[in-house]
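What follows is a single structure, written as structure tokens, with notes after it.
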Amino acid sequence: SFDKDESHYFVTCQASNEVRVMDRKMDTLVAVIPVGKYPLEMAWNKDKSMIYVGCQEDVDQVNNFYRGSVYCINPTTYAVEHVIYANLFQPHGLIVDEEHNLLYIASRNADPSGPAPHHVSGCSGRNGYYTVIDLKTYKTVVEAFELSSDPYSVMYK
């Protein structure tokens, strides 16, 4: 994923639990940003002043029953400015709603040790859910709104 002026790109590295920043023209390593366990998807805010990285297998530091976090990284300084722990379980899809300053997070909840679904799905597998985070306060606005099995991404219109 590219930064604002497209001079650098960001890559999630699952084996080393980091985000690597690469120079686009030289294709050389600029920075290594340590993040939580198994980083996957990224989402940017509109002006690209923040990048959100979902770490699917990170241990929740607030409630260790849950698994997953979202790292909020400043793409200019490469500093982790905040880590969101919000009762996620295997977060994967992320999208920013700029109009309302919200972050939507899809939790796959594919592992049988995750939260038990409230409803049975017509599809095989465990139901996942989405969570909505206020990006001004990093507080949960909507928690665990159940979806069909293994929601992998999020779309906002």
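The values are calculated or read from the model by the stated rules, or taken from the named source; none is laboratory data. Everything numeric in this text was worked out from a predicted model, so none of it was measured. Backbone-built Cβ (ideal geometry, glycine too); neighbour counts: all protein chains shown. Accessible surface areas use protein heavy atoms only, side chains included; no ligands, DNA or RNA. Shrake-Rupley method; radii C 1.70, N 1.55, O 1.52, S 1.80 Å.
Residues in the stretch 64-81 that are part of a strand (DSSP E or B) and surrounded by 13 or more Cβ atoms within 10 Å (Cβ to Cβ): Arg67, Gly68, Ser69, Val70, Tyr71, Cys72, Ile73, Val80. For the condition part of a strand (DSSP E or B), touching a residue at least 12 places away in the same chain (Cβ under 8 Å), open to solvent by less than 60 Å² (accessible area, probe 1.4 Å) and of a type in the set (Val, Ile, Thr), Val19 qualifies.
Results for (1) out of contact with any His (no Cβ under 9 Å at 6 or more places or on another chain); (2) open to solvent by less than 10 Å² (accessible area, probe 1.4 Å); (3) of a type in the set (Lys, Arg); (4) touching a residue at least 12 places away in the same chain (Cβ under 8 Å), shown as yes or no for each residue.
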{"site": "Val32", "(1), (2), (3), (4)": "yes, no, no, yes"}
{"site": "Pro39", "(1), (2), (3), (4)": "yes, yes, no, yes"}
{"site": "Lys46", "(1), (2), (3), (4)": "yes, no, yes, yes"}
{"site": "Ser49", "(1), (2), (3), (4)": "yes, no, no, yes"}
{"site": "Val62", "(1), (2), (3), (4)": "yes, no, no, yes"}
{"site": "Gly93", "(1), (2), (3), (4)": "yes, yes, no, yes"}
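In the stretch 95-116, of all residues being of a type in the set (Ser, Thr, Tyr) and surrounded by fewer than 23 Cβ atoms within 10 Å (Cβ to Cβ), the one that is nearest to Val19 (Cα to Cα) corresponds to Tyr104. When restricted to residues that are under 17 Å from Glu41 (Cβ atoms) and either aliphatic (A, V, I, L, M) or part of a loop (DSSP other than H, G, I, E, B) (or both), the stretch 86-107 contains 10.
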